[in-house]
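What follows is one structure encoded as structure tokens, with my remarks underneath.
Please treat every number below as a calculation from the coordinates, not as lab data. On a predicted model such as this, the values are computed, not experimentally measured, just so you know. Neighbour counts run over all protein chains shown; Cβ positions are idealised from the backbone, glycine included.
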Amino acid sequence: MDLNQFRDKFAAINVGLESFYDSIKSQGFEAVQVDWRPPAGGKEDLMAILAKMKKA
């Protein structure tokens with residue numbers, strides 16, 4: 001493993017609780033908050049309908 005890669009600037013990508021993002025930022029690190037939600041609100045019956053529509 002090349003440890004020199006850790007000398008480059010990088011940022012955490014947070015897909016979840018915004019409090020994790022806030023914690024990372026408050027410690028002085030770079031971070032990006034992604035506001036992701038599961039398709040159809042996570043409802044499996046609606047996701048099945050969307051999948052059928054996508055195939056059509």
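With the helix formula -39500 (n - 2.57) applied to DSSP H stretches of n ≥ 4, the chain reaches a computed 222 nm mean residue ellipticity of -11000 deg cm²/dmol. Ignoring lysines fewer than eight residues from residue 52 along the same chain, the ones with Cα atoms less than 26 angstrom from its Cα are 43. Among the trypsin sites (Lys or Arg not before Pro) in the range 2-56, those located in a DSSP loop and surrounded by at most 12 other Cβ atoms within 10 Å of their own Cβ are 9, 43. The average projected area of the chain, computed from the convex hull of its Cα atoms over all directions, is 6.7 nm². Using 0.36 nm per residue and subtracting the Cα-Cα separation, the extra length available between residue 48 and residue 6 on full extension is 10.9 nm.
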